[in-house]
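Here's the structure, in structure tokens; my notes come after.
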Amino acid sequence: MNLSQLRVFLVVAEHLNLSHAADTLGITQPALSRLMARLQSDLDVQLYVRKGRGIALTEAGSVLRRRVQDVVERLDETVALVSDMRVGVTGHVRLGVGPAFLSIAADAIGALEVSQPHVRYTIREGTTQELFEWVKIREIDFALLGWIQPEVDEASFDAALNWKRLLVDDLVIVTREDHPLQKAKPRALSDLAAYHWILPRISTKLDRELHRRFRNAGLPPPSASVLTSSLFATLAILRRTDHLALMTRSSLSEQDMPGIRALDQPWMELRREAFLVTLRGMQLPAPVAALIDKIRRLL
């Protein structure tokens, strides 16, 4: 078994179709079938079975795919790191952020441009659960994320992770600046019932808390016609439609979010705490520690 075989297997596992995988690899399907037969022989296990016009991974195939993907990514990252050292890049910082924290991460990186000119930054945006997993498998050095205050239960935090509370921030309903609700101020949650929402692409604590608020007010759940965790997509849709979304008040700035405005909502208070999450017992390299310190100061 060699690295080339494993890279070929990843392509097969991605397409789940030998013909399509062969086209991607630029080889014939019989040649690909022979390569996969040899890999299965070397491992003495069946990695996939025929299913319709394609294939389906066995349990062993699924395990191999996950592990090989991790190995290949780490190898590619190592090669990139060595190449960076050759051209003078002295560090690589990998951070994960929730959508609301992209702006503060960008500000922190910009502030370090002079003092850390030879550091490369990789930013991954994800949901809370994705960020947890990325920290634990060391795909990122740390995560910056939000947690809805009524649901914070420190006893339930993952024991493999370190948590550092950074701030408490108000969550506000945002719209485009000339939205009808900006002209006729809503006086209760019921005034929002006629409008569609932009919510995270999967169920989150924020999503569940918003549903709870509507339910307690005797209202049907908010109508989410757009599901996305992308801040860029959220802002683009807000500027073009009458949709509503939730954001932290501190993230709203005319420079970063022109044309977006928070509603005056004294009838609904909702707060989120910002946390810095790292892997317990892991020593952070100097460039990572410098970025974390800058984020703390900016927050």
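Each Cα pair under 8 Å and six or more residues apart adds its sequence gap; the mean of these over the residue count of the chain is a relative contact order of 22 percent. A simple rule links phi to the HN-Hα coupling: the Karplus curve 6.51 cos²θ - 1.76 cosθ + 1.60 with θ = phi - 60°, which for segment 274-281 gives 9, 10, 9, 10, 10, 7, 4, x Hz, with x for Gly and Pro.
Between the helical axis of 59-87 and the longest alpha-carbon principal axis of the chain there is an angle of about 80 degrees. With contributions of -39500 (n - 2.57) from each DSSP H run of at least four residues, the per-residue ellipticity at 222 nm computed over the chain stands at -13000 deg cm²/dmol.
Restricting segment 214-274 to chymotrypsin sites (Phe, Trp or Tyr not before Pro) that sit in a DSSP loop and have at most 16 other Cβ atoms within 10 Å of their own Cβ leaves Trp267. Taking other Cβ atoms within 10 Å as a rough exposure proxy, Asp293, Asp44, Asp169 sort from fewest to most as Asp44, Asp293, Asp169. Helix 205-216 against the longest principal axis of the chain: what's the angle in degrees, Cα atoms only, rounded to the nearest 10? Here the helix axis deviates by roughly 40 degrees. Which of rounded, prolate or oblate describes segment 224-281 when judged by the alpha-carbon gyration tensor and an a/c cut-off of 1.5? Cα axes put segment 224-281 in the prolate bin. Which of the following values of Kirkwood radius over Cα pairs in Å was calculated from the structure shown: (1) 19.5; (2) 22.4; (3) 20.3? The listed entry that was calculated here is (2). Rounded is the label for segment 169-271, because a/c, from the alpha-carbon gyration tensor with a ≥ b ≥ c as root eigenvalues, stays below 1.5.
Which of rounded, prolate, oblate describes segment 99-197, given a ≥ b ≥ c as roots of the alpha-carbon gyration tensor eigenvalues and a/c under 1.5 marking rounded, otherwise prolate only if a/b is larger than b/c? Oblate shape, in that a/c is at least 1.5 and b/c is the bigger or equal ratio. Relative to the longest principal axis of the C-alpha atoms of the chain, give the angle of the C-alpha long axis of helix 231-240, reported between 0 and 90° and rounded to the nearest 10°. The answer is roughly 50 degrees. This model, with +1 at the C-beta of Lys and Arg and -1 at the C-beta of Asp and Glu, gives segment 123-259 a dipole about its Cα centre of some 380 debye. Note on segment 3-78: the alpha carbon radius of gyration divided by the globular reference 2.2 N^0.38 Å gives 1.04.
Of the GluC sites (Glu not before Pro) found in segment 242-299, those that fall in a DSSP loop while having at most 14 other beta-carbon atoms within 10 Å are Glu254, Glu269.
So how far, in whole Å, is the C-alpha centre of segment 171-247 from the one of segment 1-75? Between the Cα centres of segment 171-247 and segment 1-75 lies a distance of 43 Å. Of the beta bridges in the chain, as assigned by DSSP with both residues counted there, near 65 percent are antiparallel.
Every number in this text was worked out from the coordinates using simple rules, so none of it is lab data. Small disclaimer: the values here were computed from a predicted structure and weren't measured. With ideal geometry, Cβ positions are generated from the backbone for all residues, glycine too; neighbour counts draw on all protein chains shown.
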